[in-house]
Structure formats: C-alpha cells, structure tokens
Amino acid sequence: MEKANNRDNFGNPDNSNNPNNRRNFIKAGVGACAVLGFGGALSSLGAKGADSTKTDSGKADSGKSGKIDSSKLDSSKADSTSTSESSAKQESITLNNGVQMPLIGLGTYALTGAQGVSVVKEAAKLGYRLFDTAQMYNNEREVAQGLRESGVAREKLFIMTKLSSDMSYEETKRHIDRTLAEMKLEYFDLLLLHRDFSSRDAMYRAMEEFYAQGKLKALGISNFREKAYLDFIKTCKIMPAVNQMETHIFLQHSAYQKFMRENGGCALQSWSPFDSGRKGFFTNEILMKIAKKHNKSVAQVALRWLTQRGVVAIPKTSKIERLKENLNIFDFVLDESDLAQIAKLDTGKSSVGWW
C-alpha cells in the first residue's frame, strides 16, 4: 500500500487521483500520532536495537522465517506463454509458514480501468510475480484480468489483497468468497487486514478458517504499530506472516522488523518505498553517490536496500521503463559502507501527517 500521492521514480506525480479516501482510511485507524518510535513497548520486552550497518539493515535473518532465497524466482524460466519477459533473476523470502514470497512486486493503488489491466499485464510479462491490491483500491477485478491476459500460469504468481472494511465474522467470510469469485481465483497467496480494525479478531478468525481450507496460503496485517501487533498476536491461532507498513530510507523500522521476526516470525513489507519523492528523496546526495558507485538509479538503490534486508517492496508505477528499472535490482549488492551511510538517514518518523 503506497501513500496516495504516488510519484514515479523521479519524484514526479504518477497520476492525478484524489488521495482523500486513503488519507481518511489510515487516519481513522491510527489517530493523530506521527512519530513511529517504540516507546517502552519493545524495551519492556527486552528487544535489542538493530545493528543498522550489519544484520537488520543489510541481511535477512538466517532462520527459516525471513530467509532470502535467490534460487526460487528466476523469470528467465517462466512460462513459454509469456512472450516478453525479462531475464532478470529475482529473490524471494520464506514466510513463517514456509510459503515463498517474492521480494519485489507491483503496488496497484490507483491503477484502475483499462490502464490498470494493461499495466498489470505488461508487468507480469516483464517478470513481476507479486501483485498487491486491496478492497479499497476498487481494482481487484482489473488486476485479475491483467494477470489472466498476461498468460503467466497462476501457480507462478503471488496475488495478495487486503480487507479494507471493518466487518463481522460472517461478513468477512462472505466478502472473501465473493472476492475470489469476482477475481476468478481459487485462492489468494496472501490476505491482509488493511488496518487495526475494531473487529480485527473476528475478521482474522474468518481468515484462519479460509487458511485451513486452502483458500488463503498466508495471512497478514497492515499498518499495525508495535502495541497493536503485540496485542494481536496473543489472540491468533495462526501467526501473521506479513505486516505491510510505510517503510523507506527515512523510516527504516529496523528494530521493529527484528522484533516481529523474533516474536511470531512476521515479515515486513514496504508500502511507499520511495516516500513519494518527499524530502528530496531522488536528489539525496548520499543516495545519489551510492547509485553512481553501482551504476544504478536512486530508486534501484532504495529497492535493493529494502530487499537486501528481507523487506518485501511493492513500488507502484504505470510507466513501462520504471517497471523494468524497479525489477532490475538483483544484480548488485550494497556493501557495509553503503548500508552504514543509509542507516544515518533514518528519521524514525512518518512523512505523512495523517499517519
């Protein structure tokens, strides 16, 4: 889930869609707090701060959950029905239930109508395998149609969506069944609660039932801060596999990522990986220097920094060249010096006043 004011890799507006719906949605769930520090929640449980230049900013956990596997997703070995795929290799992460999730995907917020179908179709042909949508995006059908038209086999795709309405247990079950039918799918690879709903326990209980039936391959949450996460996992029969949060160079969540990994094995997924171009993201001197060193763009450095730590990234763009650029990030590695410089850019604060 990227922030509403989407921009392309160079910080320019990527579309002119009205952001009010998303702002109100997030604002309703998280209130007025803008600082994403941990307060006493983690310290009281003995969580240690991350070593930003080593483990948490540069490498995924060596245990089963969170382990990066570069052998699972090679788009050069994809279906013969996909005629224009990239030969770029990809990496995946192993979730806490053993499911493999690609580390790079396409965020589809505001990709609607014919454009949405076209962009998703082309992205799949280029080699994208992870596609993120949501109930509130009003484009789940378009995403599904684009994937069908791409010719890529269903078993090679990782399709995830999010429940964006506060629903009862029965309403949640009906909604999941209806959405699967509308998208002409037999299962979702991942289903998230879009925020910390008041009915979250009942909704998640319904999700756990669908998981047991094989209609959901993994369960997760989105926009759950540390206290909500700690409270929530106490009630779960099945631990959430993913927490999708605003995560980028200026809001790194290194300690929170480590804590979730050690308490439930939950992986971190990034929405707004470019911070929508705020704070001079694409002209930051440190990022530009690192990009030049590796003969890459600032966007590619930002995405590689996330994926190298085992954070799943879902940048959104409607431009073919940006789609190619964002996917082409697994042919270089940021070194300890790069990681140490990037770690110093963390502000620990959200860039959006409504979050």
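The values are calculated or read from the model by the stated rules, or taken from the named source; none is laboratory data. This structure is a prediction, so every number in the text was calculated from the model and none was measured. Virtual Cβ from ideal backbone geometry, glycine too; neighbours counted across all protein chains shown. The accessibility values were calculated without ligands, DNA or RNA, using every heavy atom of the protein model including side chains. Shrake-Rupley method; radii C 1.70, N 1.55, O 1.52, S 1.80 Å.
Given the structure, is K237 of a type in the set (D, E, K, R), farther than 24 Å from P315 by Cβ and touching a Lys or Arg at 6+ places or on another chain (Cβ under 9 Å)?
The answer is yes for K237.
Specify the residue that is nearest to T112 (Cα to Cα); the eligible residues are those in segment 302-315 that are outside any loop (DSSP other than H, G, I, E, B) and touching a residue at least 40 places away in the same chain (Cβ under 8 Å). Residue satisfying both the conditions and the ranking: A313.
Residues that are assigned to a loop (DSSP other than H, G, I, E, B) and open to solvent by 20 Å² or more (accessible area, probe 1.4 Å) were ranked within segment 154-166; the one that is nearest to K121 (Cα to Cα) is S165.
Is it true that A228 is open to solvent by less than 50 Å² (accessible area, probe 1.4 Å) and part of a helix (DSSP H, G or I)? It would help to see each step written out before you state the result.
On the way: open to solvent by less than 50 Å² (accessible area, probe 1.4 Å): yes; part of a helix (DSSP H, G or I): yes.
Answer is yes for this residue.
Scanning segment 226-257 for residues being free of Cβ contacts under 8 Å to residues at least 24 places away in the same chain and within 13 Å of the chain's Cα centre (by Cα) gives a total of 0. Scanning segment 114-153 for residues that are assigned to a loop (DSSP other than H, G, I, E, B), of a type in the set (A, V, I, L, M, F, W, C) and buried (at least 21 other Cβ atoms within 10 Å of the Cβ) gives A134, V152.
Once segment 178-191 is narrowed to residues that are assigned to a helix (DSSP H, G or I) and touching a residue at least 24 places away in the same chain (Cβ under 8 Å), the residue that is most open to solvent (accessible area, probe 1.4 Å) is E182. Of the residues making up segment 316-329, those that are assigned to a helix (DSSP H, G or I) and open to solvent by 10 Å² or more (accessible area, probe 1.4 Å) number 5.
Results for (1) of a type in the set (A, V, I, L, M, F, W, C); (2) open to solvent by less than 30 Å² (accessible area, probe 1.4 Å); (3) over 30 Å from A134 (Cβ atoms), shown as yes or no for each residue.
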{"residue": "M288", "(1), (2), (3)": "yes, no, yes"}
{"residue": "K292", "(1), (2), (3)": "no, no, yes"}
{"residue": "A299", "(1), (2), (3)": "yes, yes, no"}
{"residue": "W305", "(1), (2), (3)": "yes, yes, no"}
{"residue": "G310", "(1), (2), (3)": "no, yes, no"}
{"residue": "I314", "(1), (2), (3)": "yes, yes, no"}
{"residue": "D331", "(1), (2), (3)": "no, no, yes"}
{"residue": "E336", "(1), (2), (3)": "no, no, yes"}
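Just one residue in the set G214, G127 is more than 29 Å from Y256 (Cβ to Cβ) and free of Cβ contacts under 8 Å to residues at least 40 places away in the same chain; that residue is G214.
Mind listing whichever residues of segment 258-286 are of a type in the set (D, E, K, R) and buried (at least 23 other Cβ atoms within 10 Å of the Cβ)? Write out each step before concluding.
Quick first cut of segment 258-286, residues of a type in the set (D, E, K, R) only: 258, 261-262, 275, 278-279, 285.
Of everything in segment 258-286, just one residue is of a type in the set (D, E, K, R) and buried (at least 23 other Cβ atoms within 10 Å of the Cβ), namely D275.
The number of residues in segment 117-160 being within 12 Å of M183 (Cβ to Cβ), in contact with a Gly (Cβ under 8 Å, 6 or more places away or on another chain) and among the acidic types (D, E) comes to 1.
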